[in-house]
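I have placed the structure first, in the form of structure tokens, so that the comments after it can refer back to it.
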Amino acid sequence: MAYQSPLLSAPGAVGAPDGHPESGVPWHWGDPFAEQRTAVRGVAVVDRSHRQVITVAGEERLSWLHLVLSQHVSELPENTGTEALVLDPNGHIDAHMVLGYTGGVVHLDTDPGAQATSAMPKGGKQTLLGYLEAMKFWSKVDIRDATDDLAVLTVLGPELGTVLDGVLGIELGTEPYAVTALPGGGLARRMPWPGRHAVDLLVPRADLPDVWKRLTDAGARPAGSWAFDALRVESLRPRVGVDTDDRAIPHEVGWIGSAAHVAKGCYRGQETVAKVFNVGRPPRHMVLLHLDGSPEVYPETGDPVRLGERTVGRVGTVAQHHELGPIALALVKRSTPTDAELTAGSGDEAVQAAIDPDSVPAEGVAPGREAVQRLRG
């Protein structure tokens, strides 16, 4: 049975449509644009309890993870975290996760249903947990699915410190990925996205409704996955399987450095990561598209991005932003001109689209707001 958050039964909660990547948690609470504004200017809390949580303990926890993941974690300090990937043998992205290390245990939270290419010779897909178990061999590690024990909440906004201190009695470090153990179990982890002020909470799942009530009673506004995704898209942060396809490599979506280390060896897919980094540029890159919202139709994930009659990319996450209007992440060919007049979508639902030049590393280009003005005339 598909996961359903207990918060979906709370007054005002609206679930996502069937088949939506964020199904199972509240999509919004009645006013997604106001929720976004509060997440930027005040403090809001988002239910992300559908995420999978895996813990890795044991004396070889860091050295083993260092061999399995794309990130350099062999010397990860206690009470810190990072992001990491699992790649297939050709360097394509299988799974993305965020780590939090405290109390001798590494917590990995990832998208629900995360999969990885099997370690068996014939390949095929298996669950991420199954892949990690298959890679254990004789290593002294304890791998456990902790999804039934821990649930993820994300607190957003410049006033989050006051709420977290008052409700949970913690003062979190200011550095990205600083981790603090929570008194009742779980952890708090500062994040560099979405937006400038974000903290992930891994709380005991049994306490999820109570923690939610305490946070909202303290002033945090309930916000849905709609608001979170809009801010994630604005922050140029991809989601596996939505903003990536089966050919995507870390360089194309901005995960070099933040989630994939180019200098360390001995992890699956490392040869591709190092080669592309040292020899040349990837064939595609991820950009932010501003969409023409006047027809009131929008492209869907996987739809083509076209320059004239030529397909130059694919649409990823499509979002409605409280300031930018309709926007989307897209993987496009690197040769696509930044000022090109594009269309996004298929058939009668194709709309005009413009690349936000601020999302493409370049000098001497107009600021992103001009792309919006150009698109909307």
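Loop-only check: which GluC sites (Glu not before Pro) in the range 84-179 are DSSP coil with at most 13 other Cβ within 10 angstrom? Can you show the working numbers first?
Details: sites: Glu133, Glu159, Glu171; in loops: Glu159, Glu171.
Sites meeting the loop and neighbour criteria: Glu171.
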Checklist entry - Which value, in debye to the nearest 20, describes the size of the charge dipole of the range 65-136 about its Cα centre when Lys and Arg Cβ atoms bear +1, Asp and Glu Cβ atoms bear -1, and nothing else is charged? => result 300 debye
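Evaluate the relative contact order of the range 1-91 (contact order divided by residue number), counting alpha-carbon pairs under 8 angstrom at least 6 apart; express in whole percent. Present the calculation step by step, with values, prior to reporting the outcome.
Values: 80 pairs, mean separation 15.8, N = 91.
This gives 17 percent for the range 1-91.
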Next on the checklist: Counting just the Cα atoms, what span does the chain cover along each of its three principal axes? Round to the nearest Å and put the largest first.
Outcome noted: 57, 51, 42
Checklist entry - Using modelled backbone amide H atoms (1.01 Å from N, in-plane), which distant-in-sequence or interchain residues come within less than 5 Å of Arg284's amide H? => result Arg334
Item to check | For a label point 7 Å along the Cα-to-beta-carbon line of Arg310, residues of the range 318-341 with backbone N under 15 Å | outcome: 332-341
Next on the checklist: With unit charges on the beta carbons (Lys and Arg positive, Asp and Glu negative) and the dipole taken about the Cα centre of the range 250-333, which residue among Ala274, Thr311, Gly257 sits farthest to the positive side?
Outcome noted: Ala274
Item to check | Leading residue at positive end of dipole, the chain (Cβ point charges), from Gly185, Ala119, Val233 | outcome: Ala119
Item to check | Segment Ser235-Asp217, length gained on full extension (0.36 nm per residue, minus Cα span) | outcome: 3.6 nm
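Which loop-located trypsin sites (Lys or Arg not before Pro) does the range 137-235 contain, where loop means any DSSP state but H, G, I, E or B and the Cβ has at most 11 other Cβ atoms within 10 Å?
Values: sites: Lys140, Arg144, Arg189, Arg190, Arg196, Arg205, Lys213, Arg214, Arg232; in loops: Lys140, Arg196.
In loop regions of the range 137-235 (DSSP not H, G, I, E or B), the sparsely surrounded trypsin sites (Lys or Arg not before Pro) are Arg196.
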Checklist entry - For Lys213, which aspartates and glutamates qualify as cross-link partners when the Cα separation must be under 14 Å and same-chain residues fewer than eight apart are set aside? => result Asp47
Checklist outcome for this item: Between Gln115 and residues 5 or more places away or on another chain, the pairs with built amide H atoms under 5 Å apart involve Leu128
Item to check | Residue (of Gly42, Gly58, Ala95) at the positive-pole extreme of the range 1-98, dipole from beta-carbon charges | outcome: Gly42
Checklist entry - Once amide H atoms are built 1.01 Å from N in the peptide plane, which residues 5 or more positions from Ser49, or in another chain, come under 5 Å H to H? => result Val152
Item to check | Computed FRET value (nearest 0.05) for Ala34 with Asp148, which takes r as the C-beta separation and R₀ as 41 Å | outcome: 0.75
Checklist outcome for this item: In whole Hz, the Karplus estimates of ³J(HN,Hα) for the range 136-145 (6.51, -1.76, 1.60; θ = phi - 60°; x where Gly or Pro) are 5, 6, 9, 5, 8, 9, 10, 9, 9, 7
Item to check | Neighbour cut-off at most 16 other Cβ (10 Å), DSSP loop, chymotrypsin sites (Phe, Trp or Tyr not before Pro), the range 65-155 | outcome: Phe137, Trp138
Checklist outcome for this item: Using alpha-carbon coordinates alone, the radius of gyration and Dmax of the range 1-155 in Å work out to 17.5, 52
Item to check | R0 of 30 Å, Cβ-Cβ distance Ile170-Asp245: FRET efficiency to nearest 0.05 | outcome: 0.15
Checklist entry - Where nothing but the Cβ of Lys and Arg (+1) and of Asp and Glu (-1) is charged, how large is the charge dipole of the range 224-341 around its Cα centre, in debye to the nearest 20? => result 760 debye
Checklist outcome for this item: Here FRET efficiency (C-beta to C-beta, Ser294 to His20, R₀ 25 Å, nearest 0.05) is 0.55
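Based on the Cα gyration tensor of the range 114-175, what are the three equivalent ellipsoid semi-axes, each the root of five times an eigenvalue, rounded to whole Å and given largest first? Show your work: numbers first, answer last.
Details: eigenvalues 283, 40, 24 Å².
The answer is 38, 14, 11 Å, longest axis first.
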Checklist entry - If the cut-off is a Cα-Cα distance under 26 Å, which lysines reach Lys333, setting aside same-chain residues fewer than 8 apart in sequence? => result Lys275
Next on the checklist: So for the chain, averaging the separation of alpha carbon pairs under 8 Å that are six or more residues apart and normalising by length, what relative contact order in percent results?
Outcome noted: 16 percent
Item to check | Label-to-label distance, nm, for residues given as Thr162 and Asp348 (7 Å Cα→Cβ offset) | outcome: 5.1 nm
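Values quoted throughout were computed directly from the atomic coordinates according to the rules given, and no laboratory measurement underlies them. On a predicted model such as this, the values are computed, not experimentally measured, just so you know. Positions of Cβ are generated from backbone atoms using ideal geometry, with glycine treated the same way; all protein chains shown enter the neighbour counts.
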